[in-house]
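Step one of this worksheet: look at the structure below.
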Amino acid sequence: MIANKKGGEKYLSIWWFFVLIVIAAGIVVAVIAFNGADVNIKELEADILITRVVDCVVDNGYINEEFLKPGFDIFQNCYLNKELIIYQGEGKNRGDYYLAYEVYELDKCNNDDFRLGKTTNLECENPINPEPRSFGVANFVNECKLSKVMKEAREYPLCSERYIYVLDKDNRKLIFHLIAGSNQKIKS
Amino acid sequence: MFKNKRGLLPEEIIFLLLNLVFFVVMLLFIINSTNGKAVYEQAYAKQIALLIDEAKPDTTILLDMQNALKLYGNKDRREMVKIIGSGVKVTLGVSGGRVYNFFSSANVKAEFMQIGEENGKPVYSKYLTIDVTK
């Protein structure tokens, strides 16, 4: 390739520049991949959202009666940013959050599951809290299930789910079920 | 290797210089990129957003920012962490900073407290004070 060339042509060949470009590209890609690595806190964020709601409407194991009546504004009462959480959007501008909660009477749930200490996927019916019971991007529920089983699904949201045993003012036994999801990404 | 009867050929000198320039530029790029600024920007923005989300109204949080301050240098600290709407923006010198939103609707203020003065210049605490109020 360079055998019959003389002087600078031997060294300053197009191939040498090609090698330099390949090396430079490799280094740049590696550095961008390192710096762009995402610290994933979506699940933590979803967990905090649930904690905020629970801390706000449950006091010493008793659920706030107002929460079970129509017209209770969870966002105003719990200092949550309504616009951010209820925003749904589409495509690239899709919302970042999902929040849903339901309150059931304990005897409307599968009691055996609860007595055995099962705290996930309880089967309950006829929620007693008024609508709306969910806000934000509803599709997160299905996408969160996918992201649990597909570790490479980094663009998918992550959710947190909790079942809490609470009482109302008449000491009625209730199950407070909450799901929250987040798909927020850092912005430049 | 690169000598003829007159010594080093000009083309060979150019070749050596170009190689040297290339590898020095690459080395500087790597050193500049791996000081962790981008990673710290992201980590602090997320950490502050989570602290705000978790805090009940009327809470004051002190966050040790020593690692970020080392990278930030002596620039104006008021520009390092900013609350913009419902987002935290942390800038350590990488392309305009990183922003992460918090879902709390409480009023949030984040600043470095001035703890004294030295040669007429303000001296700030290494702790970021985050005030979350109703």
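What follows draws every value from the coordinates through simple rules; no lab data is involved. What you see is a predicted model; the values in this text were computed from it and never measured. Because the Cβ atoms are built from the backbone with ideal geometry, glycine has one as well, and the counts that use them run over all protein chains shown.
Length gained on full extension, A:Lys185 to A:Asn77: 36.2 nm, using 0.36 nm per residue less the C-alpha separation. Note on region B:37-133: dipole from Cβ charges, positive end direction compared against B:Leu50, B:Gly120, B:Gly97; the farthest Cα belongs to B:Gly97. Work out the FRET efficiency for B:Phe29 and A:Ala138 from their Cβ-Cβ distance, taking R0 = 41 Å, and round it to the nearest 0.05. Once the sixth-power term is evaluated, E becomes 0.35. Taking every DSSP helix (H) stretch of at least 4 residues in chain B, weighting each as -39,500 (n - 2.57) and dividing the sum by the residue count yields a mean residue ellipticity at 222 nm of -12000 deg cm²/dmol. Inter-chain neighbour count for B:100-111: the average number of beta-carbon atoms from partner chains within 10 Å of each residue's beta-carbon is 5. Modelled spin labels at A:Ala37 and B:Glu11, positioned 7 Å past Cα toward Cβ, are 4.5 nm from each other. Between A:Gly71, A:Gly136, A:Gly95, which gets the highest mean-square fluctuation from a Gaussian network model of chain A, Cα cutoff 10 Å? Comparing A:Gly71, A:Gly136, A:Gly95 in a Gaussian network model of chain A, the most mobile one is A:Gly71. A protection proxy built from the mean count of other Cβ atoms within 10 Å ranks the segments A:76-86, A:15-25, A:48-58, most packed first, as A:48-58, A:76-86, A:15-25.
Counts of other chain beta carbons within 10 angstrom of each beta carbon in peptide A:22-29 average 2.
Give me the number: length gained by fully extending A:Gln88 to A:Glu131, i.e. 0.36 nm times residue separation minus the C-alpha to C-alpha distance, one decimal in nm. Length difference between fully extended and current span is 13.7 nm. Neighbours of B:Phe102 by Cβ distance under 15 Å: Lys/Arg scored +1, Asp/Glu scored -1, total +4. So if we plug the beta-carbon distance of A:Arg172 and A:Asn121 into 1/(1 + (r/R0)^6) with R0 = 22 Å, what FRET efficiency do we get, rounded to 0.05? Plugging the Cβ-Cβ distance into 1/(1 + (r/R0)^6) gives 0.45.
Straight Cα distances below 15 angstrom link B:Lys126 to the aspartates and glutamates B:Asp64, B:Asp76, B:Glu79, B:Glu111, B:Glu117, with same-chain residues fewer than 8 positions distant left out. Seen against the Cα atoms of chain A and their longest principal axis, helix A:42-57 is set at about 20 degrees. Net length available on complete extension from B:Leu18 to B:Ser95 is 24.9 nm, with 0.36 nm assigned per residue and the Cα-Cα distance removed.
What shape does chain A take by its C-alpha gyration tensor, where a ≥ b ≥ c are the square roots of the eigenvalues and a/c under 1.5 counts as rounded, a/b above b/c as prolate, and the rest as oblate? Prolate, because a/c is 1.5 or more and a/b exceeds b/c. Neighbouring Cβ atoms from other chains, within 10 Å of the Cβ of residues in A:30-39, number 4 on average.
Computed across the protein assembly as shown, the Kirkwood hydrodynamic radius from all distinct Cα-Cα pairs reaches 24.0 Å. Note on B:Lys56: aspartates and glutamates with a C-alpha under 12 Å away, same-chain residues under 8 apart excluded, are A:Asp55, B:Asp131. Tell me whether region B:37-133 comes out rounded, prolate or oblate; compute the Cα gyration tensor, take square roots of the eigenvalues as a ≥ b ≥ c, and use a/c under 1.5 as the rounded threshold. Taking the square roots of the gyration eigenvalues as a ≥ b ≥ c, region B:37-133 is oblate. Pairs over the 30 Å Cα-Cα cut-off, from the set A:Lys145/B:Lys70; A:Lys42/B:Lys37; A:Lys92/A:Lys151; B:Lys37/B:Lys109: A:Lys145/B:Lys70. The helix-based estimate of mean residue ellipticity at 222 nm for chain A, built from -39,500 (n - 2.57) per DSSP H run of four or more residues and divided by its residue count, is -10500 deg cm²/dmol to the nearest 500. The angle between the Cα long axis of helix B:10-33 and the longest principal axis of the Cα atoms of chain B comes to about 10 degrees, rounded to the nearest 10.
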